[in-house]
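**Q** Before we start, here is the structure in question, set down as structure tokens.
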Amino acid sequence: MGTVTLGVSIAVPEPYGSLLQKRRADFGDPAAHGIPSHITLLPPTETERNRLPAIEAHLARVASEGRAFPMRLSGTGTFRPLSPVVFVQVVEGTSACSWLQQRIRDASGPLVRELQFPYHPHVTVAHGISEEGMDRAYEELAGFEAEWTVGCFALHEQGADGVWRKLREYEFGGNRPVKGVPAQGGAPIDAPAPTHH
């Protein structure tokens, strides 16, 4: 059956998602085209393909316990020098994201795993590029603002081409996953980076 690399995330809706993805490409990040804008709930995780049914059932249970919540993004932050990442900050919705990611990685479920860094919800807009590109991202998106109501999260699989593709979307408050249409390039997942205060 082989293995698959999975991730779970909340998509940044339009028009904000495409705008941030285009800006990420403009800053010189080659990963931008295969990674639509998102907030990670489960970073890239390798597992056996035959475990997918159990994983999907687990995610449906998590979603059934969730409720829609307000999300607001505002301004930029960075994990430099510990990690070469510039991001748009989540200023409302952090506790809901934290609750969801903990439930997804619950020790009794099929996606249990440790994180490399403490969980810190964010939207990556530059990763591993030149210092000049990172500085531009940090400065030029400092005034960025977006808000919406989050009603679902999605499961994604990374293809052999490195692109993340949506497998299913899970709406809150219902116990059945809603089959998603594979997105262009899919939505993706960055590993969380350390928190800076």
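**Q** From the list THR76, THR40, exactly one residue is more than 16 Å from the chain's Cα centre (by Cα), of a type in the set (S, T, N, Q) and modelled with pLDDT of 95 or more. Which is it?
**A** One residue alone meets the criteria, THR76.
**Q** Surrounded by 14 or more Cβ atoms within 10 Å (Cβ to Cβ), touching a Leu at 6+ places or on another chain (Cβ under 9 Å) and part of a strand (DSSP E or B), is that true of GLN101?
**A** no
**Q** Among the numbered criteria (1) under 20 Å from PRO13 (Cβ atoms); (2) part of a helix (DSSP H, G or I), which one does VAL88 miss?
**A** (2)
**Q** Does GLU145 satisfy the criteria of being in contact (Cβ under 8 Å) with a residue 24 or more places away in the chain and among the charged types (D, E, K, R)?
**A** When the stated conditions are applied, GLU145 passes them.
**Q** Of everything in region 35-58 that's aliphatic (A, V, I, L, M) and assigned to a helix (DSSP H, G or I), which residue is surrounded by the most Cβ atoms within 10 Å (Cβ to Cβ)?
**A** Ranking the qualifying residues of region 35-58, first place goes to ILE55.
**Q** Out of (1) under 16 Å from the mean Cα position of the chain (by Cα); (2) assigned to a helix (DSSP H, G or I), what's the single condition that is false for ARG61?
**A** It is condition (1) that ARG61 fails.
**Q** Only one residue in ARG51, ARG61, ARG80 is in contact with a strand residue (DSSP E or B) (Cβ under 9 Å, 6 or more places away or on another chain), in contact (Cβ under 8 Å) with a residue 24 or more places away in the chain and farther than 30 Å from SER130 by Cα. Which one?
**A** None of the others qualify; the one that does is ARG51.
**Q** Looking at (1) under 20 Å from SER37 (Cα atoms); (2) of a type in the set (Gly, Ala, Ser); (3) touching a helix residue (DSSP H, G or I) at 6+ places or on another chain (Cβ under 9 Å), which is the only condition GLY151 fails?
**A** Tallying (1) under 20 Å from SER37 (Cα atoms); (2) of a type in the set (Gly, Ala, Ser); (3) touching a helix residue (DSSP H, G or I) at 6+ places or on another chain (Cβ under 9 Å), GLY151 fails exactly one: (3).
**Q** Give the residue that is surrounded by the fewest Cβ atoms within 10 Å (Cβ to Cβ), with candidates limited to residues of region 75-90 that are out of contact with any Phe, Trp or Tyr (no Cβ under 7 Å at 6 or more places or on another chain) and not aromatic (Phe, Trp, Tyr).
**A** Residue satisfying both the conditions and the ranking: PRO81.
**Q** Residue pairs, Cβ under 9 Å, 6 or more apart or interchain, first in region 1-18 and touching a residue at least 40 places away in the same chain (Cβ under 8 Å), second among the basic types (Lys, Arg) and assigned to a strand (DSSP E or B). List them.
**A** ALA11/LYS166
**Q** Continuing with this model, one more query. Just the residues that are farther than 27 Å from ARG49 by Cβ, buried (at least 16 other Cβ atoms within 10 Å of the Cβ) and touching a Pro at 6+ places or on another chain (Cβ under 9 Å), please, taken from region 105-123.
**A** Listed by number, the residues that qualify are HIS120, PRO121, HIS122.
**Q** For region 2-30, what are the residues that are buried (at least 18 other Cβ atoms within 10 Å of the Cβ) and touching a His at 6+ places or on another chain (Cβ under 9 Å)?
**A** Of everything in region 2-30, those that are buried (at least 18 other Cβ atoms within 10 Å of the Cβ) and touching a His at 6+ places or on another chain (Cβ under 9 Å) turn out to be LEU6, GLY7, VAL8, SER9, ILE10, ALA11, VAL12, GLY17, GLN21, ARG24, ASP29.
**Q** Can GLY133 be described as more than 26 Å from HIS33 (Cβ to Cβ) and surrounded by 13 or more Cβ atoms within 10 Å (Cβ to Cβ)?
**A** For GLY133, the condition - more than 26 Å from HIS33 (Cβ to Cβ) and surrounded by 13 or more Cβ atoms within 10 Å (Cβ to Cβ) - is not met.
**Q** If you scan region 140-197, which residues turn out to be modelled with pLDDT of 50 or more, outside any loop (DSSP other than H, G, I, E, B) and aliphatic (A, V, I, L, M)?
**A** ALA146, VAL150, ALA154, LEU155, LEU167
The values are calculated or read from the model by the stated rules, or taken from the named source; none is laboratory data. All figures in this text were calculated on a predicted structure; none of them were measured in a lab. As a convention, Cβ positions derive from the backbone with ideal geometry for all residues, glycine included, and neighbour counts pool all protein chains shown.
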